[in-house]
Each structure stands twice: as C-alpha cells, then as structure tokens.
1. Run down the lysines and flag those whose C-alpha is under 27 Å from the C-alpha of K214, throwing out any fewer than 8 positions away in its chain.
2. Starting from the Kirkwood radius over alpha-carbon pairs of the range 336-448, derive D by Stokes-Einstein at 37 °C in a medium of 0.692 mPa s and give it in µm² s⁻¹.
3. By DSSP, what percent of the beta bridges with both residues in the range 3-94 are antiparallel, rounded to the nearest 5?
4. What angle do you read, to the nearest 10 degrees and between 0 and 90, between the alpha-carbon axis of helix 52-65 and the longest principal axis of the chain?
5. With 20 Å bins from zero, work out the P(r) of the chain over every alpha carbon pair and list the percent per bin.
6. Before rounding to the nearest 500, sum -39500 (n - 2.57) across all DSSP H runs of length at least 4 in the chain and divide by the residue total; then give [θ] at 222 nm in deg cm²/dmol.
7. If you take the charge dipole of the range 3-94 about its Cα centre, with +1 on Lys and Arg Cβ and -1 on Asp and Glu Cβ, which of V83, V29, T51 is farthest toward its positive end?
8. Does anyone have the angle between helix 232-244 and the longest principal axis of the chain? Alpha-carbon axes, 0 to 90°, nearest 10?
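Every number in this text was worked out from the coordinates using simple rules, so none of it is lab data. Computed from a prediction, not measured in an experiment: that's the story for all the values here. All Cβ positions, glycine included, derive from the backbone under ideal geometry; neighbour counts span all protein chains shown.
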Amino acid sequence: MDAADRERLLGLLRDVVGAPYAFADPYEVRLYQYDASPETALPDIVVIPATAKEVAQVVKICADARVPVTARSAASSLAGGTVPVEGGVVLTFARMDRILEIDIENLRAVVQPGVVNLALSQALKPHGYYYVPDPSSQGACTIGGNVGTNAGGPHTLLYGVTVNHVTGLEVALASGELVQVGGRNAAEATGYDLTGLLVGSEGTLGVVTRIWVKIQPLPPVQKTLMAVYPDVATASNAVSAIVRTGILPAAIEMMDKLSIQAIEAASHAGYPLDAGAVLLLEVDGTQEVADECGERMARVCRDNGASEVRVARNEAERQALWKGRKGAFSAMGRLSPDFYVMDGVVPRTKLPETLAKIDAISARTGFKICNVFHAGDGNVHPLVLFDAFQPGQYESVLRIGDEILRLCADAGGSVTGEHGIGLEKRENIRYVFSDDDLEVMDHIRRVFDPHGLMNPGKVFPGEALKPSAPRYPPGYRPGTTAALGAREDLWV
Ligand SMILES: Cc1cc2nc3c(=O)[nH]c(=O)nc-3n(C[C@H](O)[C@H](O)[C@H](O)COP(=O)(O)OP(=O)(O)OC[C@H]3O[C@@H](n4cnc5c(N)ncnc54)[C@H](O)[C@@H]3O)c2cc1C
C-alpha cells in the first residue's frame with residue numbers, strides 16, 4: 001500500500017473508531033507483526049474497535065478499498081494465524097473484552113471476542129460453574145481466538161474442543177454485514193451448521209464479534225494422578241490400556257524426560273527428575289466416582305509399567321501439577337533460546353511408533369526434541385529446540401517440522417490437532433486433503449469472501465515459507481514466546 005492510500009484509508013478508519021484507535025506509525029504497528037509462531041510481517045494499519053458495529057464498518061471500508069483484514073486477538077497463535085502476510089489492516093479486540101451475560105438457568109454465557117479464556121471461568125466460579133475448554137495458554141488467549149482456531153486443551157479428551165461449546169456467533173462478513181448464526185439455544189438450530197463452519201475458520205470467513213458459549217457446573221471432585229514411567233513407549237501403551245478399561249478420564253497428558261527437566265526447573269511442581277516420562281491423569285465426578293475411577297486408573301498404570309503413581313492430596317497439589325504442565329512451553333526457555341512446536345495428531349495406538357520415529361529424527365539431525373502433549377487424544381506437540389542466532393538452524397527446524405507432520409499424516413492422523421493451519425502449515429495441509437477437497441473449501445471461502453481479503457495467505461496452500469525473506473526488520477530473528485520474554489535484545 002503506498003503512503004497516500006494508507007493516509008486515505010487511515011482517515012476513513014479513524015472516522016469510525018476515533019483517532020487513537022487506528023494508527024499506522026511504523027514503530028507502533030511493529031508490535032502487531034508477530035504472534036507466538038516464529039513468523040512476522042508488518043501490517044499497514046492497526047485498528048482497535050470498541051463495538052461490533054465498528055468492526056463491521058471497518059471490514060466494509062477495507063472490502064471497498066480491497067485491503068486485507070487480519071483478525072488478531074491475544075496473538076498466542078502457534079501457527080502464524082495472525083501474521084498479516086499480505087499487509088493491510090490488523091483488527092484487534094483489546095477494547096471488546098466484556099462478558100456480556102451469564103445465564104445460569106440456560107447454562108450459557110455471552111462474551112465479546114477479547115475476553116480472556118480464564119477470565120470467563122473466574123467470573124463463573126462464584127456461581128459454581130466454568131467454561132470447559134482450557135488451552136494451556138488460557139491465562140492469555142481469548143475466546144475470540146479460541147473460536148478462530150477451534151482451540152483444544154488438556155480436557156478435550158472427555159469434553160471436546162471449542163466447537164462443542166459454542167452455540168452461536170455474531171460475525172462481521174466481508175460485505176460489512178453483521179449476521180448472527182446459531183444463538184443461545186443450539187437445539188433450535190435447523191439447516192446448515194454455520195456456527196460449526198465458522199468455528200476454526202481462522203478468520204478467513206468473517207470477524208467474530210460476539211460468542212454464545214455453554215457453561216457447566218464445576219465437577220464436585222477433580223482427582224489428579226501422576227504416573228511415573230521409565231520411557232515414553234511404556235507410558236504410551238499405558239494410555240491405550242486405560243482407555244480400553246472403559247474409563248474415560250477428563251485428561252491424559254504426557255511429558256517426556258526433557259520436558260520434565262524443563263518444567264521442574266521452572267515450576268518446582270514435584271515432577272520426578274529421574275523419570276523417562278510421566279502421565280498426568282484427571283478424572284471428574286462425585287467423590288465416589290472419582291475415588292473408584294482414580295483407583296482403577298492407578299491400578300492400570302501400575303500394571304502397565306508405572307514405577308509409581310501419586311495422587312494429588314489437595315487442591316494446592318493438583319494446581320501445582322497443572323501449573324507445571326500448562327507452563328511447559330514457556331519452561332522450554334530453560335533448555336534452549338528458541339523452540340519450534342508442532343501440533344500433529346495420530347491414532348492413539350500409533351503413539352509409541354510415532355514417538356520412536358520423532359526420536360530417530362532427533363538423533364539423525366542432532367536437534368533435541370521434547371514431547372509434552374495431549375496423549376489421550378493422540379495430539380502430539382514435539383518441540384524442536386534450536387537457536388535462531390545460529391545460521392541455518394531455523395531452516396533446519398522448519399524441515400524437521402515438515403517431516404514430523406508428514407509422519408503424523410502417514411500414520412493416519414492429521415497435521416493439526418488444535419493450533420490451526422495458519423500460515424505455517426498451509427503447505428502441509430496437502431498431506432491430509434486432496435486438491436479436490438481444497439477446491440471445495442475454497443468455494444465455501446469465496447461465498448463468504450469473494451475477494452479473498454479475510455486473513456489472506458492462511459489455511460490454503462500458497463507460496464512456500466521463506467524464512468530468510470527480508471520481512472524481518474533489521475536485527476530481528478525468529479523467536480518464540482519463551483524466548484521473546486527473556487531476550488529483549490531480539491527487538492531493535
Ligand atoms: C504457551 C502456549 C500454550 C498453548 N496451548 C494451547 C492448547 O493447549 N490448546 C490450543 O488449542 N492452543 C494452544 N495454544 C495456541 C493458542 O493459544 C490458541 O491457538 C488460541 O486459540 C489462540 O487464541 P488468541 O486469542 O491468542 O488468538 P490469536 O492468536 O490472536 O488468533 C488465532 C486465530 O484466530 C483468528 N481470530 C482471532 N480473533 C478472531 C475473531 N474475533 N474473529 C475471527 N477470527 C479471529 C486469527 O486471525 C487467527 O487465525 C498455545 C499457545 C501458547 C503460546
């Protein structure tokens with residue numbers, strides 16, 4: 001966009017949101033060039049609307065000017081979902097962060113997109129309720145972003161992902177219309193499931209301005225166990241054994257030896273440093289159910305190679321175990337300046353062979369790979385440790401990521417379990433969808449967005465990523481959230 005076009009557009013956008021909330025200053029827009037993935041690209045203009053109506057007007061102005069619009073909530077995307085690769089306007093929701101309604105009788109809440117995931121559960125807690133989807137980033141990520149990616153989390157095993165908890169959306173379409181799909185009562189929905197279509201569409205079909213979600217009572221008891229294993233293969237087999245018993249835990253998370261070292265160094269949660277792997281298991285229910293299932297799970301864990309099974313004795317111990325698990329990605333800063341995280345899925349029974357293959361990749365390439373993941377779902381998160389300041393390492397980890405996703409797809413799985421396709425995996429999507437599949441999806445996209453302006457460059461295959469392309473500002477190297485927090489020197 002040339003300077004004159006930018007000024008003209010900025011003027012129009014400022015008329016809608018007010019001068020302080022639309023800006024194009026090169027220094028200020030630089031703060032919106034990144035998310036939690038290693039990719040970056042500068043927007044031309046950043047807009048911070050206060051209302052749904054303003055969002056719709058902004059989208060319409062951009063459509064008329066044929067300028068791309070990228071929705072950006074907390075920017076914790078690990079797939080480059082918010083990186084404005086084609087420039088244009090970044091829309092962000094810091095001023096749309098209100099819980100609009102808590103409706104206990106109907107088990108619903110209505111929120112604006114900028115509400116932080118954990119803030120909703122905190123607001124519900126005094127009523128004895130919570131919002132179930134709990135990505136490990138829940139202290140930062142927003143419900144708008146969760147809708148964008150169809151976020152999961154540790155408890156998806158029992159409760160499902162975001163789409164299973166959203167009953168309606170208000171959306172600003174590329175045409176500038178504000179429409180509602182679904183609503184308070186999903187059971188009323190007839191016809192096409194447009195809410196289901198929009199959840200997980202990564203900002204490519206419209207901008208979400210209001211969300212109706214299910215809420216549910218807090219479980220009377222949440223029993224959390226940690227089972228200690230000599231290696232990941234034994235732990236993986238135990239996961240299948242637990243599921244075979246017919247018990248469906250709320251969560252089964254796995255951490256390998258390297259992850260345990262990092263987590264323990266960062267959080268002192270009580271993870272055993274000599275373990276080859278641990279499983280974190282949780283069962284929800286009444287005291288009786290939790291006790292009975294907990295005991296059965298502990299027995300299965302022991303029968304399947306656990307050297308020790310510890311039960312959290314109180315809420316403080318339970319919280320400490322979860323704090324360790326949920327802080328695992330940021331704990332990687334203890335091991336390495338940077339990491340590159342993958343998000344593949346494999347059938348649960350393929351976990352042992354998949355983890356062995358990932359181990360072999362690590363041995364062959366010399367890059368350490370940690371595994372901390374949602375084992376119950378077969379949703380692996382290999383974290384490839386590297387140093388972006390070492391020439392060639394970033395390019396190597398991109399190749400390793402590609403290889404890992406290929407092997408997940410070949411195992412009958414998928415190239416994303418919860419982080420979305422975004423920018424990072426738009427080529428990898430070909431491992432699970434044929435050209436015909438992609439064409440059908442593209443037709444749908446064009447119905448919503450005929451000019452391809454909503455978060456362009458995402459989800460669909462495009463130009464391959466070029467890590468050395470000059471879109472990084474001078475002095476900036478790819479980094480990660482953990483590294484960015486610790487290394488101010490990355491910023492110019
Ligand atoms: C340490 C760490 C742990 C994580 N753990 C998990 C986990 O356990 N499970 C999980 O699923 N993810 C996890 N993530 C990834 C990330 O937190 C999720 O993808 C989350 O849903 C993104 O929310 P956000 O508010 O940051 O959205 P953003 O990153 O801002 O946006 C994500 C996507 O949604 C789109 N979007 C944002 N807002 C809107 C809107 N209003 N309308 C339409 N589209 C929109 C964006 O364009 C983008 O494509 C983790 C990330 C980190 C850094």
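1. K53, K125, K223, K323, K326
2. 222
3. 30
4. Computed tilt is about 60 degrees.
5. 24, 57, 19, 0
6. On the way: 16 runs with 167 residues, N = 492.
Result for the chain: -10000 deg cm²/dmol, rounded to the nearest 500.
7. Value: T51.
8. Rounded to the nearest ten degrees, it is 90.
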